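The values are calculated or read from the model by the stated rules, or taken from the named source; none is laboratory data. As the structure is a computational prediction, the values presented were derived from the model and not from experiment. Heads up, the Cβs are rebuilt from the backbone with ideal geometry, glycines too, and the neighbour counts pull from every protein chain shown. Heavy atoms of the whole protein, side chains included, go into the accessibility calculation; ligands, DNA and RNA do not. Shrake-Rupley method; radii C 1.70, N 1.55, O 1.52, S 1.80 Å.
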Amino acid sequence: MTDTAREEILARISEALGRRGGGEYVSSSPKSATPGRVGTAGSDSGGAASAKDAATAADSGYHHEGAHTGEDLVELLIDRLVDYKANVHRADGDPSATIAELIGDHSSVVVPRGLDESWVEGFSGEVRVDAPGEELTVDELDGQGAVVTASAVAIAQTGTIVLDSSPACGRRAITLVPDHHVCIVRVDDIVDIVPEGIARLDAHAPLTFISGPSATSDIELSRVEGVHGPRTLDVIILNG
């Protein structure tokens, strides 16, 4: 690459980042802010007003609440989950029968210590409980046919289920090693857009965002499932 081409590319990058030569940010406000800072007001009231106006303008285009509610919200989530190749099921009140049907072919499954025990009562195989101080090893997890967990939040617009490492969701490892994940999503925990979901979560908790079963297309653009986590994701939408 010639020096001229390099300089042209860097100039375009600098322009796209909104900077002048020397690393100063270009202000869109007619009254410039302090050089090298974004949104920093000057000593006069006009600078403060400009910063406030800029913040208001930026915030006005950011939606904090979605428009979908009720069954439309649930159907949107289902549509996104199916598009991501997850299997979706509906249950009212007690999901145990649905769970037993989904994991019935496995000889053993793992559940987090805080999962409702009644949800796996219909399963005839062995139920291994992963709890603090009694964590299953990676080899033990690999030997489980499935993992059954609850969820913290489901975001309809992106088809994303979030686990927050709470007692009913369990630690991250138990949902990454087994090849089959059965996840229960309560209707009351479904939100429309990402900001609504983030607002419900503890930012300090270990969060796992799931959008369909694990898959990658890194190799020759061919979809391969089960590379980074479960190959099969069954989602039970629970009413009540």
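Residues that are within 17 Å of the chain's Cα centre (by Cα), modelled with pLDDT of 95 or more, closer than 19 Å to Ala150 by Cβ and assigned to a strand (DSSP E or B) do occur in segment 163-172. Within segment 54-77, take every residue that is in a helix (DSSP H, G or I) and among the acidic types (Asp, Glu) and give me the one that is modelled with the lowest pLDDT. Within segment 54-77, the match that is modelled with the lowest pLDDT is Asp59. Filtering segment 177-205 to residues that are open to solvent by 70 Å² or more (accessible area, probe 1.4 Å) and farther than 26 Å from Ser118 by Cβ leaves Ile198, Ala199, Asp202, Ala203, His204. Quick check: is even one residue across segment 149-158 within 22 Å of Ser96 (Cβ to Cβ), open to solvent by less than 20 Å² (accessible area, probe 1.4 Å) and in contact with a His (Cβ under 6 Å, 6 or more places away or on another chain)? No, every residue in segment 149-158 fails to be within 22 Å of Ser96 (Cβ to Cβ), open to solvent by less than 20 Å² (accessible area, probe 1.4 Å) and in contact with a His (Cβ under 6 Å, 6 or more places away or on another chain).
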